[in-house]
Amino acid sequence: MTSEIRANTLKNRVGLGTVSFTDTGPVVSGIVTATSIEVVGAINDDAARIKIPDGMNGAPYTGNLELGNSRDFVMLHDGHHNYVKSTQNMYVFCGGNNLVTLQTGGSVLLNKDLDVDGHTNLDNVSIAGVTTGTTINATTFVGNLTGNVTGNANTATTTERVTLTNQGGDSTCNVLFAQSATGNQLPHTNANLTFNATNGRLTATSFAGDGSNLTGITQTTINSNTNNYLITGTGTANTLQGESNLTFSGSTLKVNSTTGHSFLKLNSNDSYSGSIYFGDQSDEDAAQIWYDNYQGNGMYLRTSENTPISFFTNGTERAVITSGGEFQIQHFSPPDGSSASRAARSALEIKRHYPQKTSGNYWIKDNNGTARQIYCEMETDGGGWMLWHDHNAPGSKVSMNIALGGSDASPSGNLARSNYNNYAYYSVWIKASQINATGERLHSFVTLDGDGEIKYVADYGADFLYEDVGDQYQPNLNAYFNSPSSSEYVSNTQMYQPQCGASGWQSFSNGGWQEVYIREMDTRMNPGDHRGLHLVERIYGFDSAGVPRWSVAESNQPLPYWSDVCLRAGESANGAQDMLSFGNRRIQANAGNNGPSIQGRSKGILTGTFEYEFSLGYSWGWSIGALVSTIQIENSIKSGVTAEVYNHYSNIYFFASLYNNSSNNQWYVTTRPAWQNSDSSQTYTPGASSGSNVMWRETDGTIKVKAKGANVSHTHTFPHKFAGPLILCSGNQSPHSTYLYDVWNDDKNDNALGGRNRWYK
């Protein structure tokens, strides 16, 4: 049986609540107690809801949803914030599974994966299990991290697990490592430790430790393991040997055998086998020694630098190959001519290897290779002269002519040009006294061409040689300068005038003598080399035909200045006298009669034709201008003359002088060659009180002097011709004066002296 109560409103009698009925359902106000409340409707339907008004923040809790007898679980909204409060653990279930646990201690347990989209910041979060996200910021990670960890992990201090993939490609990967064995560490890599997955190779710059745990390595024993010993194989497995006879100190490799021979062998399988290189840090290939087996070319020694190759014995250089390819032998005990067994090929060969050798008799091989003892001159012009032929030569000198069985009257046929390479490129030195032996009369040098003909003439003696270019040198003939002109003859035992003071053909008498020396081309000399002979500095070279010749150096060209002086008559103790003036053009000594003075020489050498202009003082003493032979001055220097070194009466060889004074009122000339015992002189009056004088030499060797003063007119021809080099010197008696004006020297005229080319120009 059913019953029905119809009413719009049900109101509690005590006024604590009412129930109103509307078209959409009942509305309950106040406290409602029920075992269950069911709201029917769609979740988004305003009519299907349980509505609790806003509460207040804090007690009393109004507008709250409270579960439990003691408000164990409360949800409230105070108009500003939403709150969920629980006095016990809170659990979130889904599908019958506990997914999240909120513990009263503050921990949040995620029992399943955390899937986060976008950027999420987690501060002070402990994560256990598997976590998937884009960015996790946390002070601590507990548990294992699996899978791939990407993104920024700089703030992570502990990572238990990272996701790894297999590297199977042929590439080198860096190895991860930490700086310490414990604690939170940052991972590091370095190119010094890499791994290649394809070949399984781990690469490091070095390995340390005893290697006991390394596999694939066989332990090796080294016998005699001593510092600097090089290690070699023994033929026994896992055994090496330190070699006491093969050592390396860091800079020196040494092979030392105590039982037998020591060998160093370098072999290769190509044509350039066995190479040794020498050098330094800047050039490792500066020098090389190698054997070239290609087409049997043999052994090679090479330098790549512009440096020589030298050969030493006993700490001394014996030979050298220059950077220009010249082979120079300093000393290797070649034949020295001391005995027949050590006979040399020439005197020059001896001098080349033994520069200290002096003049004397040496063993020389003749044209047939037979040792002959002959005289060799080792001082003049570099030495190396062989006495070829002589007549009555002073001293115990042996000529090649005599050694070959010849005589003065009948020279040996072995002296013929055909036996000595036609004398091509030979130099000949001829010396002779006057016919009656009163001093040296001839002192001349000639150069021969390929036909043995006279190519160049250089006269450093008392007179020039009367021989034309084109004459042949034939010492096997009785007249060895053979010319169609009778005046060109120089015989073995005779001279033809004007040579050596003879009148026509005339034999030497009273000890008269002549010497003929010969010397091959001097291989010690190179074009441009300098050599001094009789104070003349010469430069070596060749003419267009390749014949050796000498020319005078530019430094020897004459200039009108006094270049050197010597002191005499007390001048060394009287330095107050100023005797040089006018830019060294004038020498003037005015310290009383025969007082202190100086004597000087002019600058340069007079060769060929020349003119010299000078003035002489006119006072009590003799003012002098003297042409003095360079041989004479050189001999004075060699003999130790000091105060009279430029005096034309010291070691007389040749001079031509002009005197002038007022006490005798004389202008006079004197001359003397080496073969004369007294002067040839002539006096002219009056003396020259003013003006200048000119001395000159003509092409045939004639020397003249002329006064150019206004009050005198003197001209003199000196009786003795002379073609050799001269130096103008001053006087030596106080008071005296010599002033130099000008000088001209035709040293480059090939037509000087009768068409003969001159060495000395």
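The listed peptides 734-745, 696-707, 220-231, ordered by packing as a protection proxy, come out as 734-745, 696-707, 220-231 (highest mean of other Cβ atoms within 10 Å first).
Here the simple spin-label model places points 7 Å from the Cα toward Cβ, and for ALA181 and SER338 these points are separated by 8.3 nm. Note on the stretch 358-426: semi-axes of the ellipsoid equivalent to its C-alpha gyration tensor, largest first and rounded to whole Å, are 18, 16, 12. So for PHE722, PHE195, fewest C-beta neighbours within 10 Å to most, what's the order? Sorted ascending by nearby Cβ count, the order is PHE195, PHE722. Between the stretch 621-653 and the stretch 500-555, what is the separation of their alpha carbon centroids in Å? First find each Cα centre; the distance between them is then 23 Å. Computed from the C-beta positions of THR218 and GLN356 and an R0 of 60 Å, the FRET efficiency is 0.30 to the nearest 0.05. Over all other residues within a Cβ to Cβ distance under 13 Å of ASN492, the charged ones net out to -3, with Lys and Arg as +1 and Asp and Glu as -1. Ranked by how many other Cβ atoms sit within 10 Å of their own Cβ, fewest first, the residues LEU99, LEU348 fall in the order LEU99, LEU348. Extension gain for SER689-SER509 works out to 60.1 nm (0.36 nm per residue, less the C-alpha to C-alpha distance).
How would THR259, THR236 line up from fewest to most surrounding beta-carbon atoms within 10 angstrom? Could you put the intermediate results ahead of the total?
Values: THR259 6, THR236 10.
Ascending number of Cβ neighbours within 10 Å: THR259, THR236.
In this entry, the stretch 555-755 is assigned a mean projected area of 11.1 nm², taken as a quarter of its C-alpha convex hull surface.
Please report the net charge: other residues with Cβ closer than 14 Å to the Cβ of SER602, K and R +1, D and E -1. Walk me through the numbers before you get to the answer.
Details: positive: ARG585, ARG586, ARG601, LYS603; negative: ASP564, GLU611, GLU613, ASP742.
With Lys, Arg at +1 and Asp, Glu at -1, the net is 0.
For the pair ALA553 and ARG585, a Förster radius of 25 Å applied to the C-beta separation gives a FRET efficiency near 0.60, rounded to the nearest 0.05.
On full extension, the segment bounded by SER418 and ASN174 gains 78.8 nm, given 0.36 nm per residue less the C-alpha separation. Note on ASP283/ALA319: beta-carbon distance plugged into 1/(1 + (r/R0)^6) with R0 of 35 Å gives a FRET efficiency of 0.90.
Values in this text are rule-based calculations from the coordinates and carry no lab data. Please read these numbers as outputs of a predicted model, since none were measured by experiment. Here the Cβ is made from the backbone with ideal geometry for all residues, glycine too, and neighbour counts use every protein chain on show.
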